[in-house]
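The next block holds one structure in the form of structure tokens; read it before the comments.
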């Protein structure tokens, strides 16, 4: 594999010529990627630097995946207009395990090529004197040169000391694992470069920095779990397929370049979008799941039919049934949400739009109820 393949789609590879120099070493490089466990999922966008990590693994280099169980307690301020909320220890632990499982849909789960570390191993052991030593390496003035900090400072918005410490904590991860290369999105450039300064201050050869583009979602915004415009790497196949199909035609070429790492196929956009959805699902769930997800999408979304397998739900409680309350208890969301959905014609019975909130059991039993575009229930007597 050429260096061009290792740096495919990279925005920054710094310093210039640094990666070529590292590759001359007669040993596998240690290629670091840190992920804070701020939400339950790694999505397709955050998978792009994982794809670069996989490329290094394929060349025999060691992937060092750092699960940021400790830095999550501070909260990365990159790209943020306010301080991140802090998760509970239980949420952090649960997310950490999920992240590892999801990352392995892209990177190779080979002990010779993968080292998984939790940065609580070393950050929790730093003394106050250690933190002060770190704090001497980078000035406050330089911290405030960061675009996100500068905007908040000029707007008079609060910036906590813990947020100023975050880049130093992430940089210390590179010291702890002696990283040769660190990967990240373009929003991580400041933090990654800080890692070079901190490594040098600790007497280590500074890491090479490689950044990848941020993936825009179907709404034109950066893909984000908190916004909900994401495709989690281990979402159900039908959900992954359906969400991929929401990508506007204008974004398809970029998605093929960044996610599939292939040129977009020639032909009509629909065929290219279907092929991309199959690829994304197959990577996480296998080819058979991808074929089944496409069949589901074709039947339910494109043809407007019920899926072949529909979950049965028993009718219980008073007759007539108050449908908004029934849907809220069965599918989640609020009763008022389902009232609005019914009012907007979003609930159907055997393909016919339902109106009104109260319906007799005799009207409902044995029928297929469609709530929204893709949620189906077969109603049976309790």
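The values are calculated or read from the model by the stated rules, or taken from the named source; none is laboratory data. Please read these numbers as outputs of a predicted model, since none were measured by experiment. With ideal geometry, Cβ positions are generated from the backbone for all residues, glycine too; neighbour counts draw on all protein chains shown.
Side notes on the structure shown:
Yes or no, residue by residue, for (1) surrounded by fewer than 22 Cβ atoms within 10 Å (Cβ to Cβ); (2) closer than 30 Å to residue 18 by Cβ; (3) modelled with pLDDT of 95 or more:
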residue	(1), (2), (3)
187	yes, yes, no
190	yes, yes, no
204	yes, yes, yes
220	yes, no, no
234	yes, no, no
246	yes, no, no
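- Filtering 90, 112, 121, 163 for residues that are farther than 20 Å from residue 29 by Cα and loosely packed, with under 14 Cβ neighbours inside 10 Å leaves a single hit, 90.
- Matching helices (runs of 4 or more DSSP H) fully within the stretch 304-382 where at least 3 residues are closer than 25 Å to residue 245 by Cβ and without any contact (Cβ under 8 Å) to a residue 40 or more places away in the chain: 335-343
- Odd one out for residue 75 among (1) modelled with pLDDT under 90; (2) at negative phi; (3) touching a strand residue (DSSP E or B) at 6+ places or on another chain (Cβ under 9 Å): (2)
- Test: residue in the stretch 138-157 that is surrounded by 20 or more Cβ atoms within 10 Å (Cβ to Cβ) and within 17 Å of residue 64 (Cβ to Cβ): no
- Counted residues, the stretch 14-67 - those being over 22 Å from residue 111 (Cα atoms) and surrounded by fewer than 16 Cβ atoms within 10 Å (Cβ to Cβ): 7
- Residue check for residue 3: at pLDDT 80 or above and either buried (at least 18 other Cβ atoms within 10 Å of the Cβ) or within 17 Å of residue 167 (Cα to Cα) (or both): no
- Positions within the stretch 82-113 being farther than 14 Å from residue 35 by Cβ and either assigned to a helix (DSSP H, G or I) or modelled with pLDDT of 90 or more (or both), in sequence order: 89, 90, 91, 93, 94, 108, 109, 110, 111, 112, 113
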